[in-house]
Amino acid sequence: MQEVISAIDVGTTKVCALMAAVVHDSLGNLTLQVLGEGEAASRGIRRGVVFNVQEATAAIGEAVEKCEKNAGRHMLSSYVGIAGSHIGTLNSTGVSPVDRRLGVTTQDMQRALEGARAVALPQNKEVIHTIARQWTVDGQGEVQHPLGMNAYRLEVDAHIVTGSSTAVNNLVQCVNAHEVDVDGLVLEPLASNESVLRPEERRMGVSVVDIGGGTTDIAVFRDDGLCHTQILDMGGNHLTNDVAVALHTPFEAAEAIKLRYGNVIPERVAADEAVWAQVFGEKSERSFGRRYICEVLQARAEEMFTIIEEKLRESDQFDRLPAGVVLTGG
């Protein structure tokens, strides 16, 4: 039977569902052939977290239904993206003995990771990912692929990603309501990294910043391993809200204005260009200078990137990014 992989991205502004077939070519390489996709406006989700199970379930169902219709088949299980300010990270180490006659096996690596995973957590937290940053084989550090190496002792330096049990269970419940099993949860910046980063960037040192509607996800990679992650409670909706407040216009109208006329470099916009918008309490639309709107967006964008810089400096990663910062999202 054809192997199919599905994914569901539950965001603050939209829910996306995707189904792809795993294709083996004549050389034995694996590629993915997209079978169908579906998208729906997000409801019941705030800053990456479910706050209304019924509405979130309906939004996920709408996206899944569209995807199934395009693919011509049912979605039985799926990987589900997760984000939100409840996400936390810590670094841990784990150790496993090795039978020198056999060399390092996948079982040895798994035991070391399980040891790193055994950290004390608050009752309302659970581990989402245990990611190997680097391995140490008999005292030889910075090993990326220890499988098959002769050794007596294997040690792993791991990055542990944790999340709120309540947030995780609510998200899984919304997906399971459509008879879709959850194959696994995937931290959003990890998925973004697979899409937009090159291997040489991950080796040198790079940060991927994924700006969504309600959250901004930061992930830092160095020596081909994940060394820092952070989820910030800010995103595109903050830009929209600033426009809505400045123009005294409904949020939906402000979003449309942002998308059509928005720019974070006001100097690129003609000084006399006007934008018409519906204002609360007035029957007819009022005109505003487009440059004024762009100045509002510029101020918020500068604040957001200042915060991102501060968080990278606090994590002691800012000066370790020769490949810079890669932006994605939306």
Hey, rough spin-label estimate for residue 272 and residue 106, points 7 angstrom out along Cα→Cβ, what's it come to in nanometres?
7.0 nm
Taking R0 as 22 Å and r as the Cβ-Cβ distance between residue 145 and residue 99, the FRET efficiency 1/(1 + (r/R0)^6), rounded to the nearest 0.05, comes to 0.75
Given [x] 1.15; [y] 0.97; [z] 1.34, the label whose value is Cα Rg over 2.2 N^0.38 Å derived from this model:
[x]
Rolling a 1.4 Å sphere over the protein heavy atoms, what is the accessible area per residue of the chain, to the nearest Å²?
53 Å²
Long-range lysine pairs (8 or more apart or interchain), the chain, Cα under 23 Å
5
With labels modelled as points extended 7 Å from the Cα through the Cβ direction, what inter-label distance (nm, one decimal) is found for residue 233 paired with residue 195?
2.5 nm
With r defined as the distance between the Cβ atoms of residue 52 and residue 251 and R0 fixed at 22 Å, what FRET efficiency is calculated, to the nearest 0.05?
0.80
Are there trypsin sites (Lys or Arg not before Pro) in region 233-330 that DSSP marks as loop and that have at most 11 other Cβ atoms within 10 Å, and which are they?
283
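For residue 33 and residue 176, what is the calculated FRET efficiency with R₀ set at 22 Å and r taken between the beta-carbons, to the nearest 0.05? Spell out each step's value before the answer.
Values: r = 27 Å, r/R0 = 1.22.
About 0.25, to the nearest 0.05.
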Tally the DSSP beta bridges in the chain and give the antiparallel ones as a percent, rounded to 5.
80 percent
Suppose each label sits 7 Å from its Cα in the direction of the beta carbon; what would the residue 280-residue 259 distance come out to in nanometres?
2.3 nm
Would you look at the GNM of the chain, springs on alpha carbons closer than 10 Å, and say which of 64, 137, 15 moves the most?
137
Accessible area of region 237-330 belonging to carbon and sulfur atoms, whole % at 1.4 Å probe
50 percent
If the chain between residue 295 and residue 224 were fully extended at 0.36 nm per residue, the gain over the current Cα-Cα distance would be 21.7 nm
With all protein chains modelled, accessible area of residue 305 [1.4 Å, Å²]
90 Å²
Gain in length, residue 25 to residue 120, computed as 0.36 nm per residue apart minus the alpha-carbon separation, to one decimal in nm?
29.7 nm
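The values are calculated or read from the model by the stated rules, or taken from the named source; none is laboratory data. Everything quoted here is computed from the prediction, not taken from an experiment. No Cβ is skipped: glycine too gets one built from the backbone with ideal geometry, and neighbour counts run over all protein chains shown. Accessible surface is based on the protein model in full, side chains and every heavy atom, while ligands, DNA and RNA are left aside. Shrake-Rupley method; radii C 1.70, N 1.55, O 1.52, S 1.80 Å.
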